[in-house]
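Only one structure is covered here, and it is reproduced in the block below.
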Number of protein chains: 2
Amino acid sequence: MDAINPSVELTETERVDRLRLIRSDNVGPRTFRSLVDHFGTARAALERLPDLARRGGASRSGRICSADEANAELAASRKFGIAWLAPGEDGYPALIAIVGSRNASGAGLKFAGQLARELGEAGFIIISGLARGVDQAAHRASVESGTVAVLAGGHDCIYPPEHGDLLAAILDRNGAAISEMPLGHEPRARDFPRRNRLISGASLGVVVVEAAHRSGSLITARMAAEQGREVFAVPGSPLDPRAAGTNDLIKQGATLVTEAADVINAVAPIMERPAMHPAGEPDSEPFESDPQSHDRGQITGLLGPAPISIDDLVRMSGASPAIVRTVLLELELAGRLERHGGGLVSLL
Amino acid sequence: MDAINPSVELTETERVDRLRLIRSDNVGPRTFRSLVDHFGTARAALERLPDLARRGGASRSGRICSADEANAELAASRKFGIAWLAPGEDGYPALIAIVGSRNASGAGLKFAGQLARELGEAGFIIISGLARGVDQAAHRASVESGTVAVLAGGHDCIYPPEHGDLLAAILDRNGAAISEMPLGHEPRARDFPRRNRLISGASLGVVVVEAAHRSGSLITARMAAEQGREVFAVPGSPLDPRAAGTNDLIKQGATLVTEAADVINAVAPIMERPAMHPAGEPDSEPFESDPQSHDRGQITGLLGPAPISIDDLVRMSGASPAIVRTVLLELELAGRLERHGGGLVSLL
């Protein structure tokens, strides 16, 4: 795993600061990442939070998580054996999703297993949905190397029920089960697409192995693209309806996969780039592009309740992309911005 | 066919001039096209030939075909029912090559036939090598719409012999057989790759349906790319060795094909661009970039018996691409230049 996971070392202070930042008002995962990228450290971001929110038009200052609260949470977590990991830290898994048809062909199942095994040997953790077909084959082949099942229902409502044994084997080795649903929640049809965004979002990329037109796996692929994840697809004969979706993905620009190396080569450059900068090394002068109140007014004026793309905002405002991003960050911290998929934003 | 073949109308004079040009010393198909593109008409090119060859260092003027000779050839051709067609003229066929494994799978054969039929219905003429497997399936499905077999041996040495009936059916309808070999020439192993360059060169693009690693069809695809033709490939399962070559082609940038529309959409823009300009409309000022003797000396000095790419020549000489092209054309007309595949040239 070390070879594929260049580690970032966090000091205990920076760890506490990062927990404070993500627990503060209006700071979601995306804003968190923007702030740390911009300011270099969570501490620097925390110090600027009130000012940024005020410029974004916050009527009152959002709550900032205190060091005491953060330390208490870390201590309580440790008591339960919970490890707190930031992306890029040692032990933060390099996840690759493998998804596909529930009624896959024998060749599809065999290939899914082969790919999961080879990616597992290369140090990747396989994430999938515990469904019949491709999901099952991918999990089963990576039980020993480590695999993560994302559930559509609560942790005690395994679907399909006959996969209880597989999940037990996953948890017995190096694996995990993830759910955002409360205990006792039986999965309904609409929970599956919702669950799929967690699979794609948690992973570096999504490999689709066999998918018919308009199948659930294509929704996962679309979400992956919207989330900025790599999309991979396994080709098949034009006469095989189970390859129609994957062939279409390739036509649309997905990376064609016939062997593990195709996946590894494509994600290697992403993994060499630390998920966030080590403390104290901002990627650019922090907010070297301070928006003028003129910019702020104009960009905010272009926003409304209907989602608009950030690219359009840049074009229509005439401001630089850096200025537009900064104004959006301010609005976000003021709790006035909503981000949608595909680079779309709207005013709340 | 009209819909997909925007026609160029040649006057009888321009037809005679074009025949004179292609029959003159040191003018091959590539030089012919460069000259007509540069000067707008074959007549203008003919007038400049002696001067260009002299600048290229020809010791004595190459022979230029006279109008009498050209007229005599056209008259003799007509007597034998031979039609003389320039690319882009009405009736000049829009050829698409379909090639692939001799031992193709049932699915591969079925798809080859289906694609040939649909492209035939769309007005394309299918060109292939009369081999077993994919070639045979493609020819058979396009007998009615029109198909061209390119032979590795002479016209009387059909290989494989059992395809004599298929060839008879092709010729009986709208088809043709092409060979560059003399009558009585039995095809040897090395004649097949040589024949393949005619298939790719005659076509707008080459569709490879099933090909193993290192198979003959991949040679055809490589030649097509070198000749500036479109390369298409039909995907297949990673577990099917007969799809290994086609999947690799797609990884290298070939267009993925699952239906006729994929081919038609890709070649449509090429077909809208006439193969050569109608008489009197050069694409740029004729030789607006007249090389100075300094350029000529420098570029010629960089050339030797070892092939070098034209891109490298441009970079190393510091001259503009137009200047380099002009100097190369002059050398070619002087009989001093050899062109290889892939944009490579050497001095003779």
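The values are calculated or read from the model by the stated rules, or taken from the named source; none is laboratory data. All values reported here derive from a predicted model rather than from experimental measurement. All Cβ positions, glycine included, derive from the backbone under ideal geometry; neighbour counts span all protein chains shown. SASA here: full protein model, heavy atoms, side chains in, ligands and nucleic acids out. Shrake-Rupley method; radii C 1.70, N 1.55, O 1.52, S 1.80 Å.
What the Cβ-Cβ distance of residue B:156 and residue B:339 gives, at R0 = 45 Å and to the nearest 0.05, is a FRET efficiency of 0.90. The angle separating the long axis of helix B:216-226 from the principal Cα axis of greatest extent in chain B is about 30 degrees. Residues of region A:50-68 with an amide N closer than 13 Å to a point placed 7 Å from the Cα of residue A:293 along the Cα-to-Cβ direction: A:55-57. In this assembly of identical copies, the label point of residue B:316 (Cα plus 7 Å along Cα-to-Cβ) is separated from its counterparts by 5.4 nm, sorted shortest first.
Between this copy and the others, label points of residue A:59 are 9.7 nm apart in ascending order, each placed 7 angstrom from Cα in the Cβ direction. When chain A is turned onto chain B, its residue with the beta carbon nearest the axis, and that distance in whole angstrom, is A:235, 2.
Estimated from helical segments only, the mean residue ellipticity of chain A at 222 nm is -13500 deg cm²/dmol, where each DSSP H run of four or more residues counts as -39500 (n - 2.57).
Taken one residue at a time, the phi angles of region B:33-43 give Karplus couplings (6.51, -1.76, 1.60, θ = phi - 60°) of 5, 4, 5, 5, 4, 6, 9, x, 9, 5, 4 Hz. Gly and Pro are set to x. Exposed loop sites here are GluC sites (Glu not before Pro) assigned a DSSP state other than H, G, I, E or B and surrounded by at most 10 other beta carbons within 10 Å; excluding them, the longest clear run of chain A is A:10-287. Partner lysines whose Cα lies under 26 Å from the Cα of residue A:110, excluding those fewer than 8 positions away in the same chain, are identified as A:251, B:110, B:251. Restriction of the trypsin sites (Lys or Arg not before Pro) in region B:195-237 to DSSP coil positions whose beta-carbon has at most 13 other beta-carbons within 10 angstrom yields B:214. In the assembly of identical copies, residue A:165 has its label point, taken 7 Å from Cα in the direction of the beta carbon, separated from the corresponding points by 5.5 nm (ascending, one decimal).
Taken one residue at a time, the phi angles of region A:324-332 give Karplus couplings (6.51, -1.76, 1.60, θ = phi - 60°) of 4, 4, 5, 4, 5, 5, 4, 5, 5 Hz. Gly and Pro are set to x.
Label separation (residue B:173 vs residue B:188): 3.6 nm, computed from points 7 Å beyond Cα along the C-beta direction.
The phi torsions of region A:10-26, fed into the Karplus equation with coefficients 6.51, -1.76 and 1.60 and a -60° offset, translate into couplings of 9, 6, 4, 5, 5, 4, 5, 5, 5, 5, 4, 4, 6, 8, 7, 4, 6 Hz, rounded to whole numbers, with Gly and Pro shown as x.
Close amide H pairs (under 5 Å, H built 1.01 Å from N) link residue B:127 with B:96, B:97, B:98, B:148, residues at least 5 positions away or on another chain.
Apply the a/c threshold of 1.5 to the C-alpha gyration tensor of the protein assembly as shown and tell me whether it is rounded, prolate or oblate. Prolate is the answer for the protein assembly as shown, as a/c is 1.5 or above and a/b outweighs b/c.
Can you sort B:115, B:10 by 1.4 Å-probe accessible area, starting with the largest? Walk me through the numbers on the way to the answer.
Details: B:115 5, B:10 25 Å².
Accessible-area ranking of B:115, B:10, largest first: B:10, B:115.
Counting residues in region B:49-122 as N, plug N into 2.2 N^0.38 Å and put the Cα Rg over that result.
Values: Rg = 22.2 Å, N = 74, 2.2 N^0.38 = 11.3 Å.
In units of the globular-protein estimate, region B:49-122 measures up at 1.97.
Between residue B:251 and residue A:309, the simple spin-label model (points 7 angstrom out along Cα→Cβ) gives 3.1 nm.
Please go through region B:8-77 and write out the trypsin sites (Lys or Arg not before Pro) that DSSP classes as loop and that have at most 12 other C-beta atoms within 10 Å. Taking region B:8-77 and a limit of 12 other Cβ atoms within 10 Å, the loop trypsin sites (Lys or Arg not before Pro) found are B:60, B:63.
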